[in-house]
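Every number here is computed from the coordinates shown, using simple stated rules; none is lab data. Bear in mind that the values here come from a model prediction, so they are computed numbers and not experimental data. For neighbour counting, all protein chains shown are included, and Cβ atoms are generated from backbone atoms with ideal geometry for every residue, glycine included.
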Amino acid sequence: MFASYNLARISVVAPPETVIKKLSQANIPLSGLQKKGAVTTFAVGDNYIKKVFAIFAHPCYNICVIKYGGLRSLAVRVLSRAGAIAGAAAFICAIVISQSFVFKIDVVGSGSYLASEVRAILREGGVRVGGIYSAVGEPVAVSRIMALPQVTFCSISKRGTAVIVDVECDAESSSGVSRAPLLSPVAGEVQSIVAICGTPCVTVGQQVNVGDELISPQYISSDGSVEACICVGYARIKVSAEISVAAEEESEQALRSALAAVNLYSDSATVTSYSAKAASGGVIYTVNFTYTYTASVNMQ
């Protein structure tokens, strides 16, 4: 984590997901991520400015520095007096040591009601009370917190031995947030499971039935303790289904109509087999197919 006086604030025309992805790939820590329309602003250390501009060099990004940090001017004043160098070095060392540990995590802002969920996300990233602070996982934590219901802004900062997480939401209450687990509304095979907050109860390839719990509203820490939280996430389930379509007679047109009926379930439905059987007054087409169903909870 860079000290606040060493941070430059940058503005770029790009979505937050793009900013987080590109800077994470380049191992550039950032903080104070905020979106407003098509513009995303964030803070990085002064020493990363040239690298950030190189990453967003394409004209479509329209990047600029809103405010430079003050470390450069501070360095000039210190170096102008040789006697101040030792004192400045000792001062910086004291700051680094004092900021190494975490003794308190405060969640502030209109999204403070999500404190349990925010702390759970931080713990998964290695930030916990009594531990040593590391900003390496901060961009990922910010991205996951901003994926929580109604969250529009998130900033993580370190003040002394306290970690301050500012979370702002569209609404000041949690009235629109479901605190129930994610249950499967269909039977099928799990193709993917993503739990932004909460604990996955199934694995990829597992067969589930209607009503099975997919994501549980709780967080299980490394020491085995359980803490309640909301569920945020989704699961994609491959479903096998069958439909029967009646026609006056067996024909190419009747078959095409029967096969097209699977699109009522999903645009991505795949026909696996079909058959035609004579019936009173015509013919019955039976079509077997698969499709992917996405079940989600508290996803914006």
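Key figures for this structure:
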{"read-out": "Table column - 3J(HN,Hα) (Hz), the stretch 198-214, Karplus curve with 6.51, -1.76, 1.60, x for Gly and Pro", "value": "x, 10, x, 10, 9, 10, 4, x, 6, 8, 10, 10, 4, x, 5, 7, 9"}
{"read-out": "Assigned charges on the beta-carbon of Lys, Arg, Asp, Glu; the chain dipole about Cα centre (debye)", "value": "1980"}
{"read-out": "Theoretical gain in end-to-end length, ASN209 to ASP223 [0.36 nm per residue, Cα-Cα removed]", "value": "1.9 nm"}
{"read-out": "Under 5 Å, built H, 5+ apart or other chain: amide partners of ILE196", "value": "VAL232, GLY233, TYR234"}
{"read-out": "The chain, relative contact order [Cα under 8 Å, separation at least 6], %", "value": "14"}
{"read-out": "Cα lying deepest toward the dipole's positive end in the chain, options THR270, ASN47, TYR219, charges on Cβ", "value": "ASN47"}
{"read-out": "Qualifying trypsin sites (Lys or Arg not before Pro) in the stretch 138-202, DSSP loop, other Cβ atoms within 10 Å at most 14", "value": "ARG179"}
{"read-out": "Ascending count of other beta-carbon atoms within 10 Å, so fewest first, for TYR113, TYR219, TYR68", "value": "TYR68, TYR113, TYR219"}
{"read-out": "Within a Gaussian network of the chain (alpha carbon springs, distance under 10 Å), most fluctuating of THR286, THR40, THR152", "value": "THR286"}
{"read-out": "Which label in (1) 81, 21, 21; (2) 63, 44, 34; (3) 103, 49, 33 gives the computed Cα extents along the principal axes in Å", "value": "(3)"}
{"read-out": "Relative exposure of ARG119, ARG236, judged by other C-beta atoms within 10 Å (fewest first)", "value": "ARG236, ARG119"}
{"read-out": "Largest to smallest principal axis extent of the C-alpha atoms in the stretch 239-300, angstrom", "value": "49, 18, 17"}
{"read-out": "Taking SER112, SER192 and counting other C-beta atoms within 10 Å, the order from fewest to most", "value": "SER192, SER112"}
{"read-out": "Other-chain or far-sequence residues with amide H under 5 Å of THR152's (modelled H)", "value": "GLU168, CYS169, ASP170"}
{"read-out": "Antiparallel DSSP beta bridges within the chain, as percent of all bridges there, nearest 5", "value": "95"}
{"read-out": "Candidates SER251, SER24, SER134: whichever shows maximal mean-square fluctuation once the chain is modelled as a Gaussian network with Cα springs under 10 Å", "value": "SER251"}
{"read-out": "For CYS229, distant residues with modelled amide H under 5 Å away", "value": "GLN218, TYR219"}
